[in-house]
Amino acid sequence: MGKRIIQQARGHGSLSYRVKRQSFKYKAQYPNQLDGDGIVLKLLNSLAHSAPLAKIKYNRGIFYMPAFKGMTEGQKIKFGKSEEKKFGDILKLRNLSVKTPVYSIEARPGDGGIFIKTSGNYGTISRIIGEKVFVLMPSKKEKEFDPNCRAIVGIIAGAGRLDKPIIKAGKHHHMMKSKGGRVWPKTSMLKVNAVDHYFGSGRGKNPKSKIAKRNAPPGRKVGHLRPKRTGRKK
C-alpha cells in the first residue's frame, strides 16, 4: 500500500480540508416551474459564492440566484416569453437572439442552471442552427445547448474581483492560508535540509532519482514504480 497523498487527505474530509456548513446555506438555482413575474427582495452575500446572490420572490415561493450587474432591491424580473428582454429575465435559449449575454445556463431543461455562475462572467449566444443553440463560453469555446434550456439574461455582478493586485507577500500568504490550510505554502524539495528530504541540501540542484525501489516499503512506494525508462527520449 502506498503513502497517503494529499488528494486522499482532502477527499477524506478532515478538519483541515472541510468546507464550513454555512457555505451551503443558499442554493443558487431557479425552480423548474416558473411563470409570471418575480421581485428582488434582497441582495445578500454568501461565503460559498464569489458573486452576490439575489433573493427572489415569485407566486410559488422564494428562490436564490446569482445577481446580475446593476440589479437593485425591489426590481421586477420576468419568466418565460417577453417582448422586451431585460437583464435578470429567465428565458429559454430559443427565445433569445444572437449576441445576447447570458449566465446560469441549464445543462438539461429543468435542472436550475449550472453553467457560468462565478462573479463577472457571462456567455454569449453565438449562433442558432435549426434546433441547436451555440453559446460562446467564458473560456472562448463554443458549447451546444438544447433550445429548451433556460438562462438568465445579463452579466453576473462582482466583476473585478481578481483585478486588484496583491502588493505584499504577507497578504498572499494569509489569503492562501485561509483557503488551503496545509496545501500552501509549499516548500521546494531542493530548498530543505538533507535530513528533511531525500533531495535536500544545497550540494547539487539535480534531484536524485524519483523512482521507488522494487522492494521499497509501502510508505515509500509512490510515484514511478520501477518503469523501464523515464525522461525525454534522446
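The values are calculated or read from the model by the stated rules, or taken from the named source; none is laboratory data. Everything numeric in this text was worked out from a predicted model, so none of it was measured. In this analysis, Cβ positions are derived from the backbone assuming ideal geometry, glycine residues included, and neighbour counts consider all displayed protein chains.
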| Do we have any residue at all in the range 105-121 that's assigned to a strand (DSSP E or B), surrounded by fewer than 15 Cβ atoms within 10 Å (Cβ to Cβ) and either out of contact with any Cys (no Cβ under 6 Å at 6 or more places or on another chain) or touching a residue at least 12 places away in the same chain (Cβ under 8 Å) (or both)? | no
| request: Enumerate the pairs (first residue in the range 214-234 and assigned by TED's automatic domain parsing to the domain that holds HIS197 and assigned to a strand (DSSP E or B); second residue anywhere and of a type in the set (A, V, I, L, M) and at pLDDT 75 or above) with beta-carbon separation below 6 Å, excluding pairs fewer than 6 apart on the same chain, so at least 6 apart or on different chains. | output: LEU225/ALA212
| said: For the structure I just gave you, tell me whether LYS179 is over 30 Å from LYS20 (Cα atoms), out of contact with any Phe, Trp or Tyr (no Cβ under 9 Å at 6 or more places or on another chain) and modelled with pLDDT under 80. | reply: no
| request: Take ALA48 and decide whether it is touching a His at 6+ places or on another chain (Cβ under 9 Å) and in a loop (DSSP other than H, G, I, E, B). | output: no
| Looking at the range 125-170, which of its residues are of a type in the set (Asp, Glu) and over 19 Å from SER97 (Cα atoms)? | ASP163
| remark: Scanning the range 26-53 for residues that are within 25 Å of ALA159 (Cβ to Cβ), exposed (fewer than 15 other Cβ atoms within 10 Å of the Cβ) and polar (S, T, N, Q) gives ASN45
| task | Scan the range 83-95 residue by residue and report those that are touching a residue at least 24 places away in the same chain (Cβ under 8 Å) and farther than 15 Å from ILE155 by Cα. | result | LYS92, LEU93, ARG94
| note | Of the conditions (1) out of contact with any Leu (no Cβ under 8 Å at 6 or more places or on another chain); (2) at pLDDT 80 or above, the single one that PRO52 does not satisfy is (1)
| said: Can you tell me which residue is surrounded by the fewest Cβ atoms within 10 Å (Cβ to Cβ) among those in the range 131-167 that are of a type in the set (Val, Ile, Thr) and either assigned to a loop (DSSP other than H, G, I, E, B) or touching a Cys at 6+ places or on another chain (Cβ under 9 Å) (or both)? | reply: ILE167
| task | Assess whether PHE79 counts as being under 27 Å from LYS132 (Cα atoms), aromatic (Phe, Trp, Tyr) and out of contact with any Asp or Glu (no Cβ under 8 Å at 6 or more places or on another chain). | result | no
